[in-house]
Amino acid sequence: MYRSRDYKDVRRLLVWLLYASRGGETRLRILILLKQNGQLNASQLARALKVNYRTVTYHLDILEAHNLIERIQTSHGIYYRLSNAGLTNWDLISKLLKYSKNSGMSKDQH
């Protein structure tokens, strides 16, 4: 269970990463795809999101730096999946998803 202060800090970080900052919608969509599919590589994510490969790798680097996803090296290449922290905080992420749908979020998808 979260301590009150930790929960607020995590919530504030997730709001910034996935909603308030430029590219937040793209990062949120990446997390949703990884939650639905288990693990995907950057090319699969770029095709699914209909964005440039470099855009996806940029957002993957941000999500990985904040420990929401992890990189998996396989014999077929590099794949990404939700990290333990990403899974643990999925309740907060899904609240942001619901909020973004209710508010009609259509921010710049950097």
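Read-outs: derived from the displayed coordinates by stated rules, not from any lab. Treat the numbers as computed from the prediction; the structure is a model and nothing was measured. Glycine gets a Cβ as well: all are built from the backbone with ideal geometry, and neighbour counts include every protein chain shown.
For the range 19-96, trypsin sites (Lys or Arg not before Pro) are listed when DSSP marks them as loop and at most 16 other Cβ atoms sit within 10 Å of their Cβ; the list is Arg22, Lys50. In this calculation the C-beta distance from Arg71 to Leu13 is compared with R0 = 25 Å, giving a FRET efficiency of 0.80. The calculated P(r) of the range 10-97, using every Cα pair and 10 Å bins from 0, goes 18, 58, 23, 2 in percent. Extension gain, Ser94 to Ala20: 0.36 nm times the residue separation minus the Cα-Cα distance gives 25.1 nm.
Full extension of the chain segment joining Ile32 with Ile78 gains 14.7 nm, where the gain is 0.36 nm per residue of separation less the Cα-Cα distance.
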